[in-house]
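The block underneath contains the structure these notes are about, expressed in structure tokens.
FYI, it's all coordinate maths here, none of it is from the lab. Since this is a predicted model, take the numbers as computed values, not measurements. In this analysis, Cβ positions are derived from the backbone assuming ideal geometry, glycine residues included, and neighbour counts consider all displayed protein chains.
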Amino acid sequence: MPELRVEALTHVYSAGTPFEKTAIENISLTIPQGQMVGVLGHTGSGKSTFIQHLNALLRPSSGAVYYDGKDVNATKHSRREVKAQVGLVFQYPEYQLFEETVFRDIAFGPKNQGLDGSALEARVREAAAFVGVDETLFERSPLELSGGQKRRVAIAGVIAMRPGVLVLDEPTAGLDPAGCRQILDNIQSYREKTGSTVILVSHNMDDAARMCERLIVFDHGHIAMDGTPEEVFARPEEMSAISLSVPHAAALAMALRRKGVPLPGAIYTHEQLLDALLRIEGVGAC
């Protein structure tokens, strides 16, 4: 199974000038195929620089990125090839919509991969269905759509290339709560149906807790934590020290424990908190 492997990755912006800045330094990790990973960190922590190396959008100052055992920066061909295998959706991707119709925007990537005719149409319909873009919108201009619809079209355009890894940088930024939930549910469904790796960059701890099986926390260009949500959110003081919070459910559970409510330690989603409180209520009722 293809995996992403990063070895001693370092990136320095404006090297050799008075504006030199090391964005990430000596990052090493492996992301197995099919894993759902959350990448967390405050603004300027290095997380966006990191993800832009995964599909060779940025080239490392030192170190390497491997996909399926191949150095993604080895040749021009490998850099071009990895962009189809590792799909990157930027924050506010709707600003990148440029075709005359929704259909043509979603079709842009697979068409450049050589698809045409019925095969191209099938790919567009498949990608649109994954993210909830109704086919009645296909002949509309992307500029006529709502913010949530634009976001789905942009994500569908990347999914249409069938990447083995889907990387999303703050995919719910600027959306209302209902729109956020729909987008995240679509991404979860896509991952479950395709077995693709999904890497989600987010400032929202509740989304990360609900969606991800692994969390990688960046701080000043280094990895501060790497573990399950249970392991990461069990360290609230360390999260606070790097300007990050824990999910609302975890914070509420801690407050209830201080009041004497006998809650278990592994609570970081609203569903877990509700279940624990119901169990306590059930014991009390007996």
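Straight-distance candidates among the aspartates and glutamates for linking to Lys21, with alpha-carbon spacing under 15 Å and chain neighbours fewer than 8 residues away dropped: Asp219. Along segment 89-102 the Karplus relation, 6.51 cos²θ - 1.76 cosθ + 1.60 evaluated at θ = phi - 60°, assigns HN-Hα couplings of 10, 6, 4, 6, x, 4, 6, 9, 6, 9, 7, 6, 10, 4 Hz to successive residues, with x for each Gly and Pro.
For segment 247-286, rounded, prolate or oblate, judged on the Cα gyration tensor with a ≥ b ≥ c (square roots of eigenvalues), a/c < 1.5 rounded, else prolate if a/b > b/c? It is oblate, given that a/c is not under 1.5 and a/b is not larger than b/c.
Taken over segment 94-162, the alpha-carbon convex hull comes to 72 cubic angstrom per residue.
Using a 7 Å offset from the Cα along the Cα-to-Cβ direction at both Glu192 and Thr10, what is the distance between the two label points in nm, to one decimal? The two pseudo-label positions are separated by 4.4 nm. Shape of the chain from its Cα gyration tensor (a ≥ b ≥ c, root eigenvalues): rounded if a/c is under 1.5, otherwise prolate when a/b > b/c, or oblate? Oblate, since a/c reaches 1.5 and b/c is not below a/b. Mean residue ellipticity, 222 nm, helices only, the chain: the sum of -39500 (n - 2.57) across DSSP H runs of n ≥ 4, divided by residue count and rounded to 500, is -12500 deg cm²/dmol.
Residues whose amide H lies under 5 Å from that of Met225, counting only those 5 or more places away or on a different chain, are Val217; hydrogens are built 1.01 Å from N in the peptide plane.
Considering only beta bridges that DSSP places wholly inside the chain, some 55 percent are antiparallel. Would segment 151-286 count as rounded, prolate or oblate if I go by the C-alpha gyration tensor, calling it rounded below 1.5 in a/c and otherwise prolate when a/b exceeds b/c, oblate otherwise? The shape class here is prolate. Converting phi to 3J(HN,Hα) with the Karplus coefficients 6.51, -1.76 and 1.60 and the offset θ = phi - 60°, segment 52-67 yields 6, 7, 5, 10, 6, 5, 10, 9, x, 5, 7, x, 8, 10, 10, 10 Hz in sequence order, with x at every glycine or proline.
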